[in-house]
Amino acid sequence: LVRDGQLKRISKDHSLVMRLVDLGQITEDDIYTHPQRNAVLRSLGDKPDVEIDLFSVRLKPGDALFLCCDGQWEMTHDPQMNEIIAKHDDPQAACEALVAAANANGGDDNITAVLVRFEGYGE
């Protein structure tokens, strides 16, 4: 979620390193270099039944939703992503700049970025 110009994580990565952060065993900065940063605890397709997390967030005019994969956030940490999103009014231009930044920072994984700006409620 991007609200008032600030990027705020509203979902949880189902990974070992995020679990370690939640337990206070490592810091969020440690996620990027931890040797088991790619260990996934939950995924689609590994079991017949899917366990999903559901929650709702009330959007305000001017908010934006940003969805990205680990190939993006591992290469461009939150402050850099926040800066890039704030710099571009056009979501397409923001995503292109985000992917370019991830590639420039070493981009050794696939990279996906989606940005949706919320202008307000319809009548």
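The values are calculated or read from the model by the stated rules, or taken from the named source; none is laboratory data. Not measured: the values here are computed from a predicted model. So basically every Cβ, Gly included, is an ideal-geometry build from the backbone, and we count neighbours across all protein chains shown.
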Filter the range 30-71 down to the residues that are within 25 Å of V114 (Cβ to Cβ), surrounded by fewer than 15 Cβ atoms within 10 Å (Cβ to Cβ) and acidic (D, E) and list them by number. D46, E51, D53
Pair list, Cβ under 7 Å, 6 or more apart: the range 42-62 residue within 20 Å of L16 (Cβ to Cβ), other residue β-branched (V, I, T): L44/V50
Being of a type in the set (A, V, I, L, M, F, W, C) and not in a helix (DSSP H, G or I) is the filter here, so list the residues in the range 8-50 that pass it. I10, L23, I26, A39, V40, L41, L44, V50
Residue under evaluation E74, criteria (1) more than 21 Å from S15 (Cα to Cα); (2) surrounded by 14 or more Cβ atoms within 10 Å (Cβ to Cβ), criterion not met: (1)
Criterion: of a type in the set (G, A, S), modelled with pLDDT of 90 or more and touching a Cys at 6+ places or on another chain (Cβ under 9 Å) - qualifying residue of A94, A113: A113
